[in-house]
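**Q** Once you've had a glance at the structure underneath, I'll fire off some questions.
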Amino acid sequence: MRIVAGTHRGLALASVGKGDAGAHLRPTADRVRESLFNALSGGRYGDPLSDAVVLDLFAGTGALGLEALSRGAARVTLVDDGRVAGKLIRENIAKMRVETLVTHLRCDATRLPATDAPATLVFLDPPYGKGLGARALASAVAGGWVAPGALVVWEENAPQPAPEGFSPLDTRRYGDTHVTLLERDG
C-alpha cells in the first residue's frame, strides 16, 4: 500500500499483507483508491478535497484519510478502536509526519462523542454486511460530525441506500467493492 498522489505520492504505508480478518482489516487496494480519488477530483462533485475536514470511520490503516490529506485536505480524524488498526494508524501518521494534522479517535465508530468541527468529507468503510455503516453515519450526524452539504463516500459489498437526511449522488463498483456517494442535505 502506498499514497497514490499528492504531496506524499509514492510513500509506502505500513503493510497488513492481505488484511487481518480477526480485526476486520480489509485495506482499500491502491488502484481502487486511485480510481475513487480520481472520481472525487474530476469536478463532478465540486472540489471536495481542497481544505477539507475529513472524517474516516472504520479507518483501518488510515489510508483513505491520509490519501485525502496528501491531496489537499486541511485535517483528518481517523476513527478506529482496533488494536491492530491503532498500531498501523500510528505508524502511517509518523511515516507521513502529519501528527499536527491528524487525530486518531480510539472509539467505536457507531458511538462517537460530540464535536464542534463537522467534516466536509466522510469516508465510511465498515466491515462488510454487518449493518455498521448506517449506525456509524447516524452516530456521526447525531454528534455533529457531518456538515450540511458534506460528501459521504461509503464502501460496502453492495450499494447502500441513502439514509434520511442524505441524497444519493452515485454508485460505483470496483470488483467486489461498491462505493456509494451521498450528500448531506441541508
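**Q** Go through (1) in a loop (DSSP other than H, G, I, E, B); (2) under 21 Å from Val179 (Cα atoms); (3) modelled with pLDDT under 95 one by one and return the number of the condition Arg9 breaks.
**A** (2)
**Q** With modelled with pLDDT of 95 or more, assigned to a loop (DSSP other than H, G, I, E, B), surrounded by 16 or more Cβ atoms within 10 Å (Cβ to Cβ) and β-branched (Val, Ile, Thr) as the only criterion, which of Val98, Val141 stands out? Give the derivation first.
**A** Values: Val141 fails: assigned to a loop (DSSP other than H, G, I, E, B).
Sole residue among the options that is modelled with pLDDT of 95 or more, assigned to a loop (DSSP other than H, G, I, E, B), surrounded by 16 or more Cβ atoms within 10 Å (Cβ to Cβ) and β-branched (Val, Ile, Thr): Val98.
**Q** Within the range 160-167, identify whether any single residue is farther than 21 Å from Ser15 by Cα, polar (S, T, N, Q) and buried (at least 18 other Cβ atoms within 10 Å of the Cβ), and answer yes or no.
**A** yes
**Q** Same structure again: List pairs: first in the range 114-133 and within 21 Å of Ala52 (Cα to Cα), second of a type in the set (Lys, Arg) and part of a loop (DSSP other than H, G, I, E, B), Cβ under 9 Å, 6+ apart or cross-chain?
**A** Taking only residues 6 or more apart or on different chains, the pairs are Asp125/Arg26.
**Q** Which residue pairs have Cβ atoms closer than 7 Å, lie 6 or more positions apart in sequence or on different chains, and pair a first residue in the range 155-173 that is over 22 Å from Gly43 (Cβ atoms) with a second residue that is among the small types (Gly, Ala, Ser) and in a loop (DSSP other than H, G, I, E, B)?
**A** That search, which allows pairs on different chains as well, returns Asn157/Gly129.
**Q** Tell me yes or no: at least one residue of the range 109-118 is surrounded by fewer than 19 Cβ atoms within 10 Å (Cβ to Cβ) and assigned to a helix (DSSP H, G or I).
**A** The answer is no; no qualifying residue exists.
**Q** Among the residues of the range 98-130, how many are over 16 Å from the mean Cα position of the chain (by Cα) and farther than 21 Å from Leu151 by Cα?
**A** 5
**Q** Can you name the residue in the range 65-92 that is surrounded by 23 or more Cβ atoms within 10 Å (Cβ to Cβ) and of a type in the set (Val, Ile, Thr) and is also modelled with the lowest pLDDT among such residues?
**A** Looking only at the range 65-92, we keep the residues that are surrounded by 23 or more Cβ atoms within 10 Å (Cβ to Cβ), and these are 65-69, 73, 76, 78-80, 85, 88-89, 92.
Retained after the next criterion (residues that are of a type in the set (Val, Ile, Thr)): 76, 79, 89.
Values: Val76: 98, Val79: 98, Ile89: 95.
Residue satisfying both the conditions and the ranking: Ile89.
**Q** Hey, could you check the range 101-131 for residues that are out of contact with any strand residue (DSSP E or B) (no Cβ under 8 Å at 6 or more places or on another chain) and at pLDDT below 95 and say which is farthest from Thr177 (Cα to Cα)?
**A** In this case the residue turns out to be Asp116.
**Q** If you don't mind, there's one more thing I want to ask. For the range 156-176, give me each residue that is assigned to a strand (DSSP E or B) and touching a Lys or Arg at 6+ places or on another chain (Cβ under 9 Å).
**A** Matches in the range 156-176: Phe166, Ser167, Leu169, Asp170, Tyr174.
The values are calculated or read from the model by the stated rules, or taken from the named source; none is laboratory data. Bear in mind that the values here come from a model prediction, so they are computed numbers and not experimental data. Cβ: placed from backbone, ideal geometry, glycine included. Neighbour counts: every protein chain shown.
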